[in-house]
Structures are given as C-alpha cells and as structure tokens.
Amino acid sequence: MRSTARTAAHITDRRRDIAVEVKIGVQYAPREIVLESEQTAEEVEKAVAEALSGKSQLLSLVDDHGRKVLVPADRLAYVEIGEQSARKVGFSAL
C-alpha cells in the first residue's frame, strides 16, 4: 500500500510541473484575466466550449494555487489558451 501512495504522489507532483497560461477577455472590463492553470489545454477548451454552447452559465477554471475563477458565459469576449510549458524554478539570468 505504501508504494501505491508514493506512486500517486509522484504522478501528482509531475503534473504540477506543467502549466497552461489562460487569458480571458471580459466584456465591459478594462483588463483581461490572466491565470496559470494545472488543467490541460484540452480541459480548458472543453470548459470554454460548454460555457459558450449554453451547457453552463459560468466558465469555471482553477488556477495553479487552487483558486477557482468564475466568469459569466454571456460576458466572455475571448479566451486565449497558451501552450503547456514546464515551469521555471529558481532564479536565472535572462
């Protein structure tokens, strides 16, 4: 049993190394919402499609800190989904 928990934790840790940047434009708002999500690009796209098709009244995404971002579907102007990228760790010179 102990090795199973260790394996599950290892898979979860590996997923935290990958993030997708999502930019959401909201009608009548001067600034866009920018967040990094642990969800895959496909999961984000599916959530946006459901919101725009009327299956859901809210676009609901979770950022990399576990906070939930809710946007009314009828106020969405655009959603930009970036590529999945490995997170940079530490300080590095540019």
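The values are calculated or read from the model by the stated rules, or taken from the named source; none is laboratory data. Only a predicted model underlies this, so the values are computations on that prediction, with no experimental measurement involved. Note: areas computed on protein heavy atoms with side chains; ligands, DNA, RNA excluded. Shrake-Rupley method; radii C 1.70, N 1.55, O 1.52, S 1.80 Å.
Here are the numbers for this structure:
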quantity: Residues whose placed amide H lies under 5 Å from that of VAL62, excluding near-sequence neighbours; calculated: VAL69
quantity: Share of carbon and sulfur in the accessible heavy-atom surface of region 38-84 [1.4 Å probe, %]; calculated: 46 percent
quantity: Per residue solvent-accessible surface (Å²) - region 38-84, probe of 1.4 Å; calculated: 67 Å²
